[in-house]
Each structure stands twice: as C-alpha cells, then as structure tokens.
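A short worksheet on the structure shown next.
Bear in mind these aren't lab numbers, they're just calculated from the coordinates by the rules spelled out. Keep in mind it's a predicted model, so treat the numbers as computed, not measured. Cβ placement follows ideal geometry from the backbone for every residue including glycine, while neighbour counts extend to all protein chains displayed.
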Amino acid sequence: MYIVFDVGGTKMRIGYSVNGAQLAQVETVPTPYDFPTALEMFSRIVKRLTNGSPVKAAVGGLPGPLSADKSRLIAAPNLPLWVHQPIKERLSELLLTNDIYLENDTALVGLGEAQRGAGKGYDIVAYLTISTGFGGARLVRGRIDTRSVGFEPGHQIVDGLWALDPSHPIVDLESKLSGAALTKRYNQKPEDIKDSMVWEEAARWLAIGIHNTIVYWSPNAVVLGGSLMTHPMLSTPNVIEYVRSLLKIFPQPPMITPATLGDQGGLQGSLVYLSQQLTRTAYA
C-alpha cells in the first residue's frame with residue numbers, strides 16, 4: 001500500500017495505490033490552515049483508505065519551497081503556519097515508515113503532466129499553474145529539473161518602477177494574476193467574475209509570464225494548469241497570440257497547451273516520483 005497526497009493552498013487530496021503505479025481511491029478536503037489540524041485529518045483519511053493495511057511509502061507535494069533535506073517547508077505564502085513544521089518526521093511517525101518523499105506541489109503536478117499528460121513526449125516542459133497562487137516548474141526528460149531551492153515563476157518582478165523609485169512597491173506576477181490577487185482586487189471569487197475586460201487583462205499578464213518563462217527556460221512545451229485556466233473567459237488562443245506578439249528573440253514560441261490531468265495532476269506526479277525514488281533506492 002502506497003499513500004500519495006497533494007497539499008494546495010485551498011484543497012488537500014489524499015489517495016492510495018496498491019501497486020505504486022495506479023490510483024485506487026482519492027479523498028479531497030479543504031486544506032487546514034494549521035499543520036496539527038491537518039495532520040489529524042490526514043490520519044483519519046489514511047485510516048479509512050488503508051483499512052489497517054501497512055503503508056510501504058508515501059509521497060506528496062507541499063505548497064512552497066522545501067528545506068535542503070526536503071523534510072519541511074521553508075516558505076508557504078498561503079499556509080504560513082505550516083512553515084518549519086517537521087512534516088516528514090510527523091508523517092513517518094504516523095505511517096510507520098521511513099520512506100517519506102516530499103516535493104513542491106507544483107513540481108509534482110508538472111512531473112505528472114510531463115510523463116502522463118499534456119507534456120508527454122517533450123524533452124523540456126515548463127509547467128505553469130494559476131490557481132490560489134502562481135507557480136511553476138521545469139521538467140527535463142521526464143524528471144524535475146535540479147535547482148538550489150525551488151522554482152517560483154510567480155515571484156518574477158513584472159513592474160520595474162522600483163528601479164526608478166525605490167519607494168514604489170515591488171510588483172510580482174502572482175500579485176497580478178492569481179486567485180488570491182483577483183479576489184482581493186475585485187472582492188469576488190474568480191469563478192464569479194464575469195467582466196471580460198478582467199480576463200483580457202489576465203490573459204495579457206499570463207502572456208508576459210509565459211514569455212519570460214520561454215526566454216529563461218527554453219522549453220519545448222509550456223503546459224498551463226490550475227483552476228483559473230478552467231475559467232471560460234481566460235482564452236488560451238488569446239494568450240498564445242499575445243505571447244507571439246511579445247516574443248522577439250526566438251523565431252516562434254514552443255507548443256503552449258492546457259494541462260490534461262486536472263485535479264489528479266499532483267497525485268499522478270506523486271506516483272511517477274515514487275517510482276523514480278524507489279528505483280534510485282534500489283540501485284543505490
């Protein structure tokens with residue numbers, strides 16, 4: 001029995017796999033704001049899913065950059081009370097196994113898309129997700145690319161007025177395009193916003209982010225995921241045209257396409273990551 005999980009800023013998904021390759025069952029719950037409450041909820045769900053069967057290993061994604069040993073979050077804008085909590089240690093105690101593998105949640109969704117979804121067959125995949133926050137990851141030949149801390153494309157600065165006037169606030173992409181940013185700006189949940197001009201502006205901001213991702217990461221494919229990308233007024237064809245108008249240094253943009261794994265992207269990526277970790281351990 002293997003446990004996989006995907007902790008986002010809004011929802012937490014927990015599933016299990018009998019063989020470590022396919023999902024058998026998944027439960028989705030709101031993500032508790034504090035870690036102790038989340039751990040109690042996690043424990044109850046795992047007991048239901050496993051029905052007392054032993055857990056061989058667990059793997060899952062967390063919403064932020066992790067410590068060097070991948071045992072805890074070092075930052076989490078949407079779950080600040082989770083930061084520096086001994087997550088790996090507590091899960092090991094709970095599940096009675098030392099084989100606990102943690103990764104950034106967006107990186108695991110990207111891995112799922114690169115191996116089993118819209119990015120399958122491409123050597124270098126840039127995965128961008130626009131939901132509660134704005135995240136992303138670079139996948140190379142079916143694996144999460146190496147990095148010193150993490151991938152945080154949502155924190156790229158998109159307004160350079162600070163360079164002229166240091167008193168000017170620093171504006172990053174996530175503050176312009178994310179579920180939290182739109183909710184704050186318009187006092188509505190993104191799914192309730194019907195003004196086409198709002199989504200036209202969102203498409204232009206997204207095009208800027210994709211353009212920057214292309215010139216930084218030089219991917220063969222850009223896969224777009226997250227809840228905001230499912231809004232009918234955020235048009236992928238429009239975004240692609242805006243990217244074409246921005247991109248000057250390359251002859252044409254790579255393939256830009258919506259994600260295909262939906263809510264299970266993180267769990268599918270967790271299964272891929274589990275297989276990679278167990279294979280590495282076997283040959284170590």
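Structural remarks
- Structural descriptor for the stretch 164-284: relative contact order 24 percent, calculated from alpha carbon pairs under 8 angstrom and at least 6 residues apart.
- Kirkwood Rh in Å, taken over all unlike Cα pairs in the stretch 88-163: 14.2 Å
- For residue 16, the residues whose amide H sits under 5 Å from its own are 4, 24, 25, ignoring neighbours fewer than 5 places away on the same chain, with H placed 1.01 Å from N.
- Here the chain is assigned +1 on the Cβ of each Lys and Arg and -1 on the Cβ of each Asp and Glu. Its dipole about the Cα centre then comes out at about 580 debye.
- Each other residue within a Cβ distance under 9 Å of residue 102 adds +1 if Lys or Arg and -1 if Asp or Glu, for a net charge of +2.
- Our summary gives the chain a relative contact order of 20 percent, counting only alpha carbon pairs under 8 angstrom and 6 or more residues apart.
- Per-selection Kirkwood Rh - the stretch 158-212 (Cα, Å, 1 d.p.): 12.3 Å
- Among 216, 101, 16: highest mean-square fluctuation, GNM of the chain, C-alpha pairs under 10 Å: 216
- Over the chain: helical MRE at 222 nm, DSSP H runs n ≥ 4 each giving -39500 (n - 2.57), nearest 500: -11000 deg cm²/dmol
- Kyte-Doolittle at least -0.5, axis length at least 24 Å by Cα - qualifying DSSP helices, the chain: 196-217, 265-282
- For the stretch 145-159, the Karplus equation 6.51 cos²θ - 1.76 cosθ + 1.60, evaluated at θ = phi - 60°, returns couplings of 5, 5, 7, 6, 10, x, 9, 9, x, x, 9, 5, 7, 10, 10 Hz by residue, with Gly and Pro reported as x.
- Fluctuation leader among 162, 82, 199 - the chain, Gaussian network, Cα springs under 10 angstrom: 162
- Correct choice for semi-axes √(5λ) of the Cα gyration tensor in Å that was computed from the model, options (i) 32, 21, 18; (ii) 29, 25, 19; (iii) 38, 19, 15: (i)
- Relative contact order of the stretch 1-134, defined on C-alpha pairs under 8 angstrom at six or more residues apart (%): 22 percent
- Springs join every pair of Cα atoms under 10 Å in this Gaussian network model of the chain, and among 65, 30, 169 the largest mean-square fluctuation is at 169.
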